[in-house]
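Chemist: Sharing a structure, written as structure tokens. Questions coming.
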Amino acid sequence: MIGGAAAAAGGVLLSQLPAAAQQKATAPPAAPPPVAPPDPTKIPGAPTTAVGTRSPFFTPARAPVGEITGTALTPLQDLSGTITPSDLHFTRIHDGIPTIDPSKHRLVIHGMVDRPIELTMDDLMRFPAVTRTHFVECSGNGRAAYRTPKPDMTPQQVDGMISQSEWTGIPVDTLFHEVGVQRDAKYFLAEGGDACLLARSIPVSKGRDDAIIAFAQNGEPLRPEQGFPIRLLLPGYEGNTNVKWLRRIKLGPEPFMTRWETAKYTDPLPGGKIRWFSFEMDAKSIITSPAYPKRLSGTGWWPITGLAWSGRGRISRVDVSTDGGASWVEAELLSPLTPKAMVRFQYMWQWNGDEHLLMSRAVDDQGYVQPTMAQLRAVRGPGTDYHFNPIRAWRVARNGVVTFEANT
Amino acid sequence: MRRLFAGAALLTLALTACRLDARDDYLGDKDPKNFDLGHSPSPEELAAINIDVSPNGQGLPPGTGNGADGAKVYASACASCHGANGEGKPPAYPQLLGGPMGASVDFSKDYKIPRTIGNYWPYATSLFDYIRRAMPLTAPGSLTADQTYAVTAYLLSREGLIPPNASLDAKSLPAVKMPALERFVNDDRRGSIGGKAVR
């Protein structure tokens, strides 16, 4: 079913490519089985190391791997809190992950500006920076669970194209000030330095509002697959617009109409219409535990926990239902409520051994309530599944097995 | 009075903290007009990367190509992934040609309706821009301007949008009318309350 997720995102596995494009995806070596002494308090432990590693008892992984166009999804069911470990941040790439020497990388800002500039990384790092925590979500998140739903899908396979980091970078507004953006400039083209030169048109107003040119993620330089050495970070906007490996910003009077904002990432609507420039990711949530493949080992107290987010502001409330949406109770929010960031919710539930249908429903500070699948389909039609934020459900069977339930 | 001032200061601090502009957060009243970092790119530096093409044709390079030449480019550079007739190998390699045409086509009814150049792309210039940026997947940037015009002409003619063997250049490409353009509408979701009133 992971293949289904990749397929829905337009994934290309290396083995499907013409021979010239095939580079060996290095398979991680099989981890040795963990060995723990019978009593760790009776022998000295291991010495310090230069770089830490995860406990051998915890082996989360993105999936699928080995692609040059497609996705690698975050294992939501394995994670706690709201920050995604950088090496597990979801990845969506369109022609591989480039290797970029930061000493040779340049950012050019030009077009409708008074003073075009070219910046080295050293130049860029001399501007005042900001640090913000935001999610990045692919607008195709949830497609596989819609097109090829299966009971044995994990949160990773259902909605694993969302991750969250603490990002550090230079506000785009600071650089706009530096170059003198002209009054008639309404959009800027953001262009990446990967092999497809991915490019998107972004409103200048977003650049002035809260856009960041990020150089760090969770306290260290960006991971290569997240745009090393710099990426555009547009809080709350669909993932594709957060252009990685950023090499050029060009100010213009109108959108530049690239392939990624016309032929792709647009939303068909009834009546033959197609919605474009649908940037903001609407409020959404998903229970990450209990969820497949977890099995409840017995009746009694269980935390129902998950993640909620909105691209339009703060989450204000998350409701949980244990009866398929017939009744809702407000969950506890475990982390600070900051704009355009994931929060973790928790609801302590006493399982009585009966069959239950668990759901979560996010509400944001704009008063937006996460819709059901049926509500989305009724308005947008069954052929539209970008920007797809239906209520997610998990069925708990009498034997404790938890499975994904697509229709809500 | 002192409390009032303290309150006002706190309020100012809170308002300042809400703004992302680093100039306000960190510079206070220093506020230099510019940091004067970096340098002006030379015309050569700009020309090397200023590759985008707008719907009005701005950015299109000199050169020309026709559908007959484009068919040869397609066969050698594109067909191995997108198929001899642009049928693609979905989902990995998108279908380019042969989708249903006409105003009655409603993509919202079924995600399986092929979204092709003729029925979904609103601007012909975007096709040139994308091919020049990203195609072919295994050797992006390897086509000349003439080859890019030619393969663009081939694809547009196969979709019936320009006459067979018509030539395209910087003047004629932006003039190609794409039937999908009238389908596109702006995002109207802002202010939606979701739930039963989702947009």
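The values are calculated or read from the model by the stated rules, or taken from the named source; none is laboratory data. Every value quoted in this text rests on a predicted model; they were computed, and no experiment measured them. For neighbour counting, all protein chains shown are included, and Cβ atoms are generated from backbone atoms with ideal geometry for every residue, glycine included.
Chemist: Can you tell me how many residues within the stretch A:120-173 are of a type in the set (A, V, I, L, M, F, W, C), closer than 18 Å to residue A:283 by Cα and surrounded by fewer than 24 Cβ atoms within 10 Å (Cβ to Cβ)?
Modeler: Looking only at that region, the number is 1.
Chemist: Moving to a separate point now. List every residue pair whose Cβ atoms lie under 8 Å apart, where the two residues are 6 or more positions apart in sequence or sit on different chains, the first residue falls within the stretch A:231-249 and is under 16 Å from residue A:386 (Cα atoms), and the second residue, located anywhere, is in a helix (DSSP H, G or I) and modelled with pLDDT of 95 or more.
Modeler: If the second residue must be in a helix (DSSP H, G or I) and modelled with pLDDT of 95 or more, the pairs left are A:237/A:206; A:240/A:260.
Chemist: Okay, next question. Which one of the conditions (1) crowded, with 17+ Cβ neighbours inside 10 Å; (2) assigned by TED's automatic domain parsing to the domain that holds residue B:159; (3) without any contact (Cβ under 8 Å) to a residue 12 or more places away in the chain does residue B:38 fail to meet, given that it meets all the rest?
Modeler: Failing condition for residue B:38: (2).
Chemist: Does residue A:269 count as aliphatic (A, V, I, L, M), over 26 Å from residue A:382 (Cα atoms) and either surrounded by fewer than 23 Cβ atoms within 10 Å (Cβ to Cβ) or within 14 Å of another protein chain (Cβ to nearest Cβ) (or both)? Quick ask: steps written out before the conclusion?
Modeler: On the way: aliphatic (A, V, I, L, M): yes; over 26 Å from residue A:382 (Cα atoms): no; either surrounded by fewer than 23 Cβ atoms within 10 Å (Cβ to Cβ) or within 14 Å of another protein chain (Cβ to nearest Cβ) (or both): yes.
For residue A:269, the condition - aliphatic (A, V, I, L, M), over 26 Å from residue A:382 (Cα atoms) and either surrounded by fewer than 23 Cβ atoms within 10 Å (Cβ to Cβ) or within 14 Å of another protein chain (Cβ to nearest Cβ) (or both) - is not met.
Chemist: Looking at the stretch B:52-85, which of its residues are surrounded by fewer than 17 Cβ atoms within 10 Å (Cβ to Cβ), within 13 Å of chain A (Cβ to nearest Cβ) and touching a residue at least 24 places away in the same chain (Cβ under 8 Å)?
Modeler: B:56
Chemist: Among the residues of the stretch A:329-364, what is the count of those that are within 12 Å of chain B (Cβ to nearest Cβ) and in a loop (DSSP other than H, G, I, E, B)? So that I can check it myself, show each step before the final result.
Modeler: Initially, the stretch A:329-364 is screened for residues within 12 Å of chain B (Cβ to nearest Cβ), giving A:338-340, A:361-364.
So of that shortlist, the ones also in a loop (DSSP other than H, G, I, E, B) come out as A:338-340.
Selection size over the stretch A:329-364: 3.
Chemist: Ok, one more. Here are some conditions: (1) free of Cβ contacts under 8 Å to residues at least 40 places away in the same chain; (2) within 14 Å of chain B (Cβ to nearest Cβ); (3) closer than 29 Å to residue A:256 by Cα. Residue A:139 meets all but one. Which one does it not meet?
Modeler: Of (1) free of Cβ contacts under 8 Å to residues at least 40 places away in the same chain; (2) within 14 Å of chain B (Cβ to nearest Cβ); (3) closer than 29 Å to residue A:256 by Cα, only one is false for residue A:139: (1).
Chemist: Given A:367, A:381, A:324, A:306, which one is closer than 22 Å to residue B:187 by Cβ and either more than 13 Å from every other protein chain (Cβ to nearest Cβ) or buried (at least 20 other Cβ atoms within 10 Å of the Cβ) (or both)? Don't jump to the end; show me each part of the working.
Modeler: Details: A:367 fails: either more than 13 Å from every other protein chain (Cβ to nearest Cβ) or buried (at least 20 other Cβ atoms within 10 Å of the Cβ) (or both); A:324 fails: closer than 22 Å to residue B:187 by Cβ; A:306 fails: closer than 22 Å to residue B:187 by Cβ.
The match here is A:381.
Chemist: Only one of these conditions is not met by residue B:154: (1) hydroxyl-bearing (Ser, Thr, Tyr); (2) at the interface with another protein chain (Cβ under 10 Å from one of its Cβ atoms); (3) outside any loop (DSSP other than H, G, I, E, B). Which number is it?
Modeler: The one condition residue B:154 does not meet is (2).
Chemist: Out of the residues in the stretch B:174-186 that are in a loop (DSSP other than H, G, I, E, B) and surrounded by 15 or more Cβ atoms within 10 Å (Cβ to Cβ), state the one that is nearest to the other protein chains (Cβ to nearest Cβ). Give the derivation first.
Modeler: The initial filter retains those residues of the stretch B:174-186 that are in a loop (DSSP other than H, G, I, E, B), namely B:176-178.
If we keep only those that are surrounded by 15 or more Cβ atoms within 10 Å (Cβ to Cβ) as well, we get B:176, B:178.
Details: B:176: 13, B:178: 10 Å.
Among those residues, the one meeting the criterion is B:178.
Chemist: What residue, of B:14, B:6, B:47, is modelled with pLDDT under 70 and surrounded by 10 or more Cβ atoms within 10 Å (Cβ to Cβ)?
Modeler: Working: B:14 fails: surrounded by 10 or more Cβ atoms within 10 Å (Cβ to Cβ); B:47 fails: modelled with pLDDT under 70.
Answer to the selection: B:6.
Chemist: Considering only helices (runs of 4 or more DSSP H) fully contained in the stretch A:149-231, which possess at least 3 residues that are away from chain B (no Cβ under 11 Å) and either over 13 Å from residue A:249 (Cα atoms) or among the basic types (Lys, Arg) (or both)?
Modeler: Here the list reads A:155-159.
Chemist: Taking the criterion of being modelled with pLDDT under 95 and surrounded by fewer than 19 Cβ atoms within 10 Å (Cβ to Cβ), would at least one residue in the stretch B:145-158 satisfy it? Explain how you work it out, then say what you get.
Modeler: At the first step, the residues of the stretch B:145-158 found to be modelled with pLDDT under 95 are none.
No.
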